[in-house]
Structures are given as structure tokens and as C-alpha cells.
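Trainee: This is the structure I have questions about; it appears just below.
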Amino acid sequence: DQDPAVFVKLMQTYLLHMYGSSLWDIYADSFTRLWTTWHTCLKMTFHLPRATHRYLLNEIVDCDHIKKMVIRRFIKFQKTLSLCSNPYIKTLLKYQSNDWRSSYGRNVMNICREAGVMDINSVDISNITVNPMPAGEEWRVSLLRDLLLNKEHYSNSLINKEEAVLMINFV
């Protein structure tokens, strides 16, 4: 019975350590399951139907998407490696960054592509959007925010729970 914003903060603190995520192949098909689990967890936290559009979650949750968290950690790891004084580490970094057959190289390539830059050192994480909102769908966000902020008012004024579910599903 926590406030959803508090629960999301608790999830970030206690469940999202993601040790070793810098070495994960974050663009592999298997990671779609992690992103899907994140979306489902958020929908359950905010008591939203599972059919709620993913782009709506970006607007109501006051934290970065889990994919952006992993990308941020990868970029930090890459910067740490590039500043290392060990020549063997620098050589490995050079070869792995340019080898798209490796998970490290694929991550570098895909992060640069998503950020719209040519060099991993030029990536600005704020330029990466996960589940962007389609044009013309802004009204859904404002309606959903209104429903979430005034859910007690709507639940008291609606005739039954089915109406509330239909209203949220409409969004």
C-alpha cells in the first residue's frame, strides 16, 4: 500500500543493482524480456491495465527507464576504461570498441546510433529516448495524469469499478 512513486524509488534502491550490467549485451533479443518485466512492474505499481501503452509510462514515472540506467552504467564503465593507465586495457578497449561481433562493440555501436553520434565519448544520455510518444498522443498523457491524481474522486463518482477500468483502458 505504498505510494507508487515511493515504491518505484524502493525498487530502484533494492532491486536494480544490476552488477555486471556493463558487460551485458543490452541489445540482444533476450533483453526484451527485461524491458518488458520493467514495464509490467510499473503498470502493476500504478494499478494500470497491462494493455497501457509503454510511452505513457515514461510520462508518469519519475525516474529513468531501466534501459537508460544500463546505458548510463555502460558509458561510465567505458569512460573508466578509457582513463585507465594500463596499456593492455587500452589496447583491449580499442579492439573491442570496434569489433561489432563482441557484445561490447555492439553496445557501443547501438548506443551511438540511438544517441545520433559517431563516438561513444560524445553520447549525451538525455538524447536517448526509450518508447517515444507518437505524434498526436499527448492528450492521453494529460488524461492519464488526471486519472492518477484524482483517482479517489473518480472512484467515488463512478457507478462501478468496470467504468473506471474502461476509462483507464480508453487512455
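Trainee: If ASP62 satisfies every condition in (1) open to solvent by 90 Å² or more (accessible area, probe 1.4 Å); (2) over 23 Å from ASN127 (Cα atoms) but one, which is the exception?
Mentor: Unmet for ASP62, out of (1) open to solvent by 90 Å² or more (accessible area, probe 1.4 Å); (2) over 23 Å from ASN127 (Cα atoms): (2).
Trainee: Which of the residues belonging to region 105-131 are over 25 Å from THR91 (Cβ atoms), small (Gly, Ala, Ser) and modelled with pLDDT of 90 or more?
Mentor: Of everything in region 105-131, those that are over 25 Å from THR91 (Cβ atoms), small (Gly, Ala, Ser) and modelled with pLDDT of 90 or more turn out to be ALA115, GLY116.
Trainee: Then there is this: Just to be sure I understand, how many residues within region 1-24 are open to solvent by less than 30 Å² (accessible area, probe 1.4 Å) and under 21 Å from LYS76 (Cα atoms)?
Mentor: Residues flagged as open to solvent by less than 30 Å² (accessible area, probe 1.4 Å) and under 21 Å from LYS76 (Cα atoms) within region 1-24 amount to 4.
Trainee: Going by the conditions given, is LEU144 farther than 24 Å from PHE46 by Cβ, touching a Leu at 6+ places or on another chain (Cβ under 6 Å) and open to solvent by less than 50 Å² (accessible area, probe 1.4 Å)?
Mentor: Considered against the rule, which asks whether it is farther than 24 Å from PHE46 by Cβ, touching a Leu at 6+ places or on another chain (Cβ under 6 Å) and open to solvent by less than 50 Å² (accessible area, probe 1.4 Å), LEU144 comes out as no.
Trainee: Of the residues ARG101, ARG50, which is open to solvent by 60 Å² or more (accessible area, probe 1.4 Å) and within 30 Å of PRO134 (Cβ to Cβ)?
Mentor: Sole residue among the options that is open to solvent by 60 Å² or more (accessible area, probe 1.4 Å) and within 30 Å of PRO134 (Cβ to Cβ): ARG50.
Trainee: What is the residue count in region 104-124 for residues that are in contact with a helix residue (DSSP H, G or I) (Cβ under 9 Å, 6 or more places away or on another chain) and either among the charged types (D, E, K, R) or exposed (fewer than 14 other Cβ atoms within 10 Å of the Cβ) (or both)?
Mentor: Looking only at that region, the number is 7.
Trainee: Filtering region 77-107 down to residues that are touching a residue at least 24 places away in the same chain (Cβ under 8 Å) and in contact with a Phe, Trp or Tyr (Cβ under 8 Å, 6 or more places away or on another chain), which residue is farthest from TYR19 (Cα to Cα)?
Mentor: ARG106
Trainee: Could you list all residues from region 132-148 that are in a helix (DSSP H, G or I) and either among the polar types (S, T, N, Q) or at pLDDT 85 or above (or both)?
Mentor: Within region 132-148, SER142 is the sole residue that qualifies.
Trainee: Give the number of residues within region 45-80 that are of a type in the set (S, T, N, Q) and at pLDDT 90 or above.
Mentor: The number of residues fulfilling the criteria is 2.
Trainee: With respect to ARG33, is the statement that it is touching a Lys or Arg at 6+ places or on another chain (Cβ under 8 Å) and open to solvent by 90 Å² or more (accessible area, probe 1.4 Å) true?
Mentor: So ARG33 fails the test.
Trainee: Mind listing whichever residues of region 81-94 are among the hydroxyl-bearing types (Ser, Thr, Tyr) and either at pLDDT below 90 or in contact with a helix residue (DSSP H, G or I) (Cβ under 8 Å, 6 or more places away or on another chain) (or both)?
Mentor: SER82
Trainee: A further question on this structure: If you go through region 1-33, how many residues are of a type in the set (A, V, I, L, M, F, W, C) and within 25 Å of GLN96 (Cα to Cα)?
Mentor: 6
The values are calculated or read from the model by the stated rules, or taken from the named source; none is laboratory data. What you see is a predicted model, and the numbers here were worked out from it, not measured in a lab. Reconstructed Cβ throughout: ideal geometry from the backbone, glycine too, with neighbour counts over all protein chains shown. Remember, those area values only see protein heavy atoms, side chains included, never the ligands or the DNA or RNA. Shrake-Rupley method; radii C 1.70, N 1.55, O 1.52, S 1.80 Å.
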